[in-house]
């Protein structure tokens with residue numbers, strides 16, 4: 001089965017120096033797509049990602065035999081905690097080229113940490129529970145956010161002018177699971193991009 005994701009971006013300039021970007025991600029059938037990561041790269045360059053003030057915890061929880069959240073955005077250089085809230089032990093690992101690692105068996109209310117110093121997508125698994133799948137998106141820009149269950153996200157206080165918008169999803173059938181487009185943030189504009197995605201594997205709380 002082939003799904004098509006529709007990205008509709010609306011730009012609302014808040015001043016001559018800043019703008020907000022609203023992005024909606026849907027399938028061709030109109031179903032919202034959660035966990036799509038939107039990043040913005042201004043034409044003049046971005047501040048260091050370490051200056052990002054993301055308002056979510058830098059942690060990937062193991063609970064009810066699932067990773068939570070399914071997709072976690074972190075800035076380059078961030079240290080991520082991996083707490084185990086289950087009554088069974090987990091063995092967390094990744095073979096992703098950006099940062100392969102292994103956290104050997106540890107139990108309930110124990111935690112381990114990993115520092116991610118390179119941008120890229122980190123696919124996570126558990127050596128004990130095959131159904132546990134999640135992703136960490138390490139970004140090298142402070143302008144990043146992901147869509148909610150309604151398929152929507154708003155990025156605020158962006159530099160006005162020319163930027164590159166990138167939209168990433170772990171199941172997008174494009175090189176590096178991403179599409180990119182140059183856009184200009186001013187006034188009220190609309191952008192539409194289509195990209196084929198594959199059906200995700202079954203998981204708790206799936207799409």
Here the residues within region 103-153 that are more than 16 Å from residue 65 (Cβ to Cβ), in contact (Cβ under 8 Å) with a residue 60 or more places away in the chain and assigned to a loop (DSSP other than H, G, I, E, B) are 119, 140, 141, 142, 143, 147, 148, 149, 150, 151
Those residues of region 90-102 which are in a loop (DSSP other than H, G, I, E, B) and loosely packed, with under 13 Cβ neighbours inside 10 Å, in sequence order
95, 97, 100
Could you go through region 58-75 and let me know if any residue there is within 17 Å of the chain's Cα centre (by Cα), surrounded by fewer than 17 Cβ atoms within 10 Å (Cβ to Cβ) and at pLDDT below 95.
no
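The values are calculated or read from the model by the stated rules, or taken from the named source; none is laboratory data. Just so we're clear, the structure is a prediction, and the values are computed from it rather than from any experiment. Using ideal geometry, Cβ is built from the backbone for each residue, glycine included, and neighbour counts are taken over all protein chains shown.
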